[in-house]
Amino acid sequence: MNTTFALSSHLFAGKTAFITGGSSGINLAIAGAYAAHGARVAICGRTQARLDVAATQLRTYGGEVRAYQADVRDPQQLAQALQATRDELGTIDVLVCGAAGNFLAAAEDLSVNGFRTVVDIDLMGSFHAASLAFEQLRDSKGCILFITAAMASQPHAYQLHVGAAKAGIDNMMRNLALEWGCHGIRANSIMPGPIEDTEGLRRLSAGSALGKLADSIPLGRLGHVQDIAAAAVFLASPMAQYITGVVLAVDGGQCLAGSAHFNAGARAFLDEQARSKERGTPTVAARAAAH
Ligand code: COA
Ligand code: NAP
């Protein structure tokens, strides 16, 4: 991981960060940026092998790292991971709720369980983490960062489930900022735009549709995981000590351009998935994921 911040590498010295879904992609980059700035870091996820690889990567920054197998849908597993973090690394100062699930599905094809699964991981998982970490965050006067998405505030086709879950997270974030401000706890959301080389984007777009999506972004490119990590460092730092209850878009201005490009590309992507299924060949997304 390559971090290029001109901030002190001791910015988070003596602090502990816990990142749900921290074993890959954007969340791993956030964990890496905290570690690079001196934090002790704990991550959780469902897949032990992926957690092991991520923990090895994070240890290259020289600080203490823990990786716990925990499904955010299971409050008991999450409570154990949060308590183990307190016991082994110290009271949590920064909680990042980043675990999520996503797939494209037309509203009429979305099963009850498909909708529920994404709401369970994204919204319920974020609630579990925030409520179970409350005492630690109150003791540390810490902060929470939720990772949401443009679907929370603007309809994106075939993302009904994600939009509902992420909108719920942003509203919960504002409520927590309101209620927990008196304890010195800040709560904010980061709303990433399309971030290249991530599982999330591979599930939504590929090929020429992805090129058109990138062209529609005012700053003219897809985001990098480090763009999100930089925002996560800022929002958790003393520089943001008077910022709470905000959704920070880190998207190159994509939300200004609307979701029309996404919608057109997503339809083409869904059609390609259907054709590939009929032919029994892997989709562009599956081929991309294999690399
Ligand atoms: N289209 C429509 N429905 C889908 C789907 C798709 N592409 N993928 C899953 N579902 C439905 C399933 O059919 C199932 O509903 P059903 O019981 O009515 O058939 C439901 O979603 C749950 O699927 P399941 O595979 O049992 O869930 P899981 O808990 O094992 O996995 C997912 C959760 C589906 C979100 C899975 O994609 C995942 O683990 N994602 C994590 C990684 C990720 O999404 N990264 C990007 C983050 S933005
Ligand atoms: P990713 O690499 O797939 O990250 C998701 C992580 O969550 C994985 O490490 C996954 O690990 C974990 N996870 C999934 N379900 C879980 C569960 N039930 N319990 C615990 N951990 C779970 O995807 P990403 O693209 O980097 O996305 C990261 C975050 O950014 C998400 O919140 C996503 O919604 C948001 N976002 C992404 C983009 C983008 O362009 N990529 C855009 C906007 C917002 P396991 O599968 O091993 O559990």
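The values are calculated or read from the model by the stated rules, or taken from the named source; none is laboratory data. Owing to the predicted nature of the structure, the values given are computational and were not obtained by experimental measurement. Counting neighbours? That spans all protein chains shown, and the Cβs are built from the backbone with ideal geometry, glycine included.
Worth pointing out:
- When the test is whether a residue is at pLDDT 95 or above, closer than 29 Å to Val41 by Cβ and away from ligand 2 (no atom under 16 Å from the Cβ), Gln241 passes it.
- Selection count, segment 133-178, where residues are closer than 24 Å to Leu256 by Cβ and of a type in the set (S, T, N, Q): 5
- Qualifying residue in segment 101-116 (condition: under 26 Å from Leu178 (Cα atoms), in a helix (DSSP H, G or I), touching a residue at least 40 places away in the same chain (Cβ under 8 Å) and more than 9 Å from ligand 2 (Cβ to nearest atom)): no
- There is at least one residue in segment 76-83 that is closer than 16 Å to Ser23 by Cα, touching a His at 6+ places or on another chain (Cβ under 6 Å) and more than 15 Å from ligand 1 (Cβ to nearest atom).
- Qualifying residue in segment 87-95 (condition: among the hydroxyl-bearing types (Ser, Thr, Tyr) and either under 20 Å from the mean Cα position of the chain (by Cα) or surrounded by 20 or more Cβ atoms within 10 Å (Cβ to Cβ) (or both)): no
- Some residue of segment 56-64 being in a loop (DSSP other than H, G, I, E, B), of a type in the set (Phe, Trp, Tyr) and closer than 20 Å to Phe146 by Cα: no
- Verdict on Ala257 being modelled with pLDDT under 95 and surrounded by 14 or more Cβ atoms within 10 Å (Cβ to Cβ): yes
- Contact map, segment 20-31: residues that are on the phi > 0 side of the Ramachandran plot paired with residues that are within 12 Å of ligand 1 (Cβ to nearest atom) and of a type in the set (D, E, K, R), Cβ distance under 8 Å, separation 6+ or inter-chain. Pairs shown: Gly25/Glu199.
Per-residue answers, yes or no, for (1) at pLDDT below 95; (2) in a strand (DSSP E or B):
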residue: Asn188; (1), (2): no, yes
residue: Ala209; (1), (2): yes, no
residue: Leu219; (1), (2): no, no
residue: Ile228; (1), (2): no, no
residue: Ala231; (1), (2): no, no
residue: Leu248; (1), (2): no, yes
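- Selected residue (criterion: nearest to Thr16 (Cα to Cα)) from residues of segment 125-158 that are touching a Gly at 6+ places or on another chain (Cβ under 9 Å) and surrounded by fewer than 17 Cβ atoms within 10 Å (Cβ to Cβ): Lys141
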